[in-house]
Structures are given as C-alpha cells and as structure tokens.
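This report refers to the structure that appears directly beneath it.
No lab work stands behind these numbers, since they all come straight from the coordinates. The shown structure was predicted, so the numbers you read here are calculated from the model rather than taken from an experiment. Cβ atoms come from the backbone with ideal geometry, glycine included; neighbour counts cover every protein chain shown.
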Amino acid sequence: MRKLLPLALLIATAVAVVATVTASATPSAVQSARVVISTRTLPKLGTVLVNSKGLTLYMFVPDKQKRVTCKAACAAVWPPVKLPKGAKAVASGKAKARLLGSDPNPSGGRVVTYNHWPLYTYVADRKPGKATGQALNLNGGLWYVLSPAGKVIKTKP
C-alpha cells in the first residue's frame with residue numbers, strides 16, 4: 001500500500017497540471033479572438049491606420065461613414081477588415097479604441113469601422129509601409145487613408 005501512495009500522488013499532480021494548463025489555455029484563446037488596428041508613419045501621409053500585419057488601411061468615400069458599399073469584385077481588390085464572430089476590435093499604437101466599431105458586411109459577418117468608416121486593405125499593398133491605394137479613384141469611388149483621429153487624409157503620395 002505504501003508503494004502505491006507515491007504513484008497516486010504523482011497521478012494526482014499530473015491531473016492538476018493538466019487542469020491548470022487547460023484552464024489557462026481558455027483565456028488566451030479568447031484573447032486571440034481580436035482584430036488589432038494600429039498605426040504607422042508613412043512618408044508624405046503622416047501617421048495612418050494599419051492592420052496587425054502593418055498593412056495600410058483605407059476608407060471608401062461612397063461608404064459615407066454609414067455602411068459597407070464595396071462588395072463582390074470591389075471587395076476582391078479592397079478586402080474589408082473582417083471581424084470574426086465573437087472577436088473584438090482593439091486599438092494599438094496611436095489608434096483610439098473609442099473610434100472602433102463594426103458594420104454589417106453585405107457578404108456576411110461584420111467589418112471593422114473607425115470613426116464610422118468601414119476599413120479595407122488594398123491587394124497591391126503586399127508589404128508594410130506601402131500605400132499604393134492612396135487617392136485612387138477605383139471600383140466606383142475614391143480611397144484614402146485615415147489618421148488616428150479618424151480624419152480622412154487626402155494627400156497624394
């Protein structure tokens with residue numbers, strides 16, 4: 001019987017460790033369900049909004065700070081910043097949490113907004129620090145970057 005006691009303690013300890021690891025994994029899974037909106041300084045444009053990969057974010061003038069209007073072929077060129085179900089948009093850098101929100105996406109789900117502007121990336125911006133979509137008149141309207149204050153920056157690069 002005394003020989004079984006250390007084995008029983010070892011098993012109890014292992015079960016406790018597994019339970020602790022499992023319990024601590026749950027909060028990190030919840031924390032990972034977030035979409036980060038941050039900032040980056042770009043030449044000629046100043047500080048602008050970027051996604052977690054550092055890619056420049058744009059607003060679309062026809063959205064009129066009301067709703068997502070870029071869909072289908074437009075959204076293939078200007079992918080909206082999607083907010084997965086249960087995820088939260090969070091601000092980083094100089095971005096302001098109070099300006100974050102979301103709107104319904106016509107293709108389903110939700111799109112992250114900043115100062116009520118739906119946010120998009122541009123497929124031609126393949127790496128951080130690029131803003132090749134700035135001031136383009138494409139897919140039915142003009143595209144601009146946003147400042148951390150939520151203001152449209154119309155400067156041409």
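Structure above, values below:
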read-out: Length released on extending from ALA135 to VAL123, taking residue separation times 0.36 nm less the Cα-Cα span; value: 2.8 nm
read-out: In Hz, Karplus ³J(HN,Hα) per residue of the stretch 41-57 (6.51, -1.76, 1.60; θ = phi - 60°; x = Gly, Pro); value: 8, 10, x, 6, 10, x, 7, 10, 7, 9, 8, 5, 8, x, 7, 4, 10
read-out: ALA89 long-range amide H proximity, modeled H, under 5 Å; value: VAL35
read-out: Under-5 Å amide H pairs with LYS130, H placed in peptide plane, nonlocal only; value: THR56
read-out: Chain lengthening between VAL152 and SER52 when straightened (0.36 nm per residue, less Cα-Cα); value: 34.0 nm
read-out: Environment charge at PRO148 (Cβ cut-off 10 Å; Lys +1, Arg +1, Asp -1, Glu -1); value: +3
read-out: From phi via Karplus (6.51, -1.76, 1.60), per-residue ³J(HN,Hα) for the stretch 105-112 in Hz, x at Gly/Pro; value: 9, x, 8, x, x, 9, 10, 5
read-out: Cα→Cβ-extended label distance, 7 Å offset, between LYS96 and VAL36, nm; value: 2.2
read-out: Residues of type aspartates and glutamates that LYS44 reaches as a straight line, Cα spacing below 20 Å, ignoring anything fewer than 8 places off in the same chain; value: ASP125
